[in-house]
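Just below is one structure, and these are the notes that go with it.
The values are calculated or read from the model by the stated rules, or taken from the named source; none is laboratory data. Bear in mind that the values here come from a model prediction, so they are computed numbers and not experimental data. FYI the Cβ positions are ideal-geometry reconstructions off the backbone, even for glycines, and counts take in every protein chain you see. Protein only, heavy atoms only, side chains kept; ligands, DNA and RNA dropped before computing areas. Shrake-Rupley method; radii C 1.70, N 1.55, O 1.52, S 1.80 Å.
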Amino acid sequence: MNDKANGLFKAFLFVGLAYFLTAVLAPLAMLATKKADWTFPTAGMGWSLLAGIVGAAGAFCVLLAFGAKGTPGVVMSIVFAGAPIVNAVVAIYLNPPEGGLGAIKWPFYLGIIMAAAGGCLVTYFKPPPAKPHAPTPAAAAVNVKAAQPQ
């Protein structure tokens, strides 16, 4: 967006527009073409709205992390390792297993630990960026010619 101060927010605005086009207009068109019943359960609307708000807030937080000099390798490692952990914790909270937490098999807990450890390892030991490549001989010749006075 060529705006160092607000470019990320301008980009996010168009991401929001894309979501509107995709997530509002497309389902409306599908419901209309299928002649759907336009009644919606209150609980379903509430949970869906909450999920959308949390998802959009998460995307906005990713944007803020990039704006705070977070690098894609670090930010996205945290996001993609954290998402299944958050999902598992929320799912267990909302739908506790019969027999309580003690009824959950140990590989589940191991998976949570491995997801967290994987996110940490990828973040801390990410490879350094590649060194810039030397220009090709043709590109170098163009640059030299451009630098000469006319």
Inset, instruction - Given the conditions (1) without any contact (Cβ under 8 Å) to a residue 40 or more places away in the chain; (2) open to solvent by 70 Å² or more (accessible area, probe 1.4 Å); (3) outside any loop (DSSP other than H, G, I, E, B), report the number of the one that residue 9 does not fulfil. - result: (1)
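Looking at the range 19-27, is at least one residue under 25 Å from residue 121 (Cβ atoms) and under 16 Å from the mean Cα position of the chain (by Cα)?
Restricting attention to the range 19-27, the residues satisfying the condition of being under 25 Å from residue 121 (Cβ atoms) are none.
Among the residues of the range 19-27, not one is under 25 Å from residue 121 (Cβ atoms) and under 16 Å from the mean Cα position of the chain (by Cα), which makes the answer no.
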Inset, instruction - Just give me the residues in the range 114-133 being within 23 Å of residue 78 (Cβ to Cβ) and loosely packed, with under 11 Cβ neighbours inside 10 Å, in sequence order. - result: 124, 125, 127, 128, 129, 130
Inset, instruction - Scan 4, 69 and give me the residue that is assigned to a loop (DSSP other than H, G, I, E, B), open to solvent by 60 Å² or more (accessible area, probe 1.4 Å) and on the phi > 0 side of the Ramachandran plot. - result: 69
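Looking at 99, 52, can you tell me which residue is outside any helix (DSSP H, G or I) and loosely packed, with under 14 Cβ neighbours inside 10 Å?
Just a single option satisfies the conditions, and that option is 99.
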Legend entry - Residue match in the range 72-95 (condition: surrounded by 10 or more Cβ atoms within 10 Å (Cβ to Cβ), touching a residue at least 12 places away in the same chain (Cβ under 8 Å) and either touching a strand residue (DSSP E or B) at 6+ places or on another chain (Cβ under 9 Å) or not in a helix (DSSP H, G or I) (or both)): no
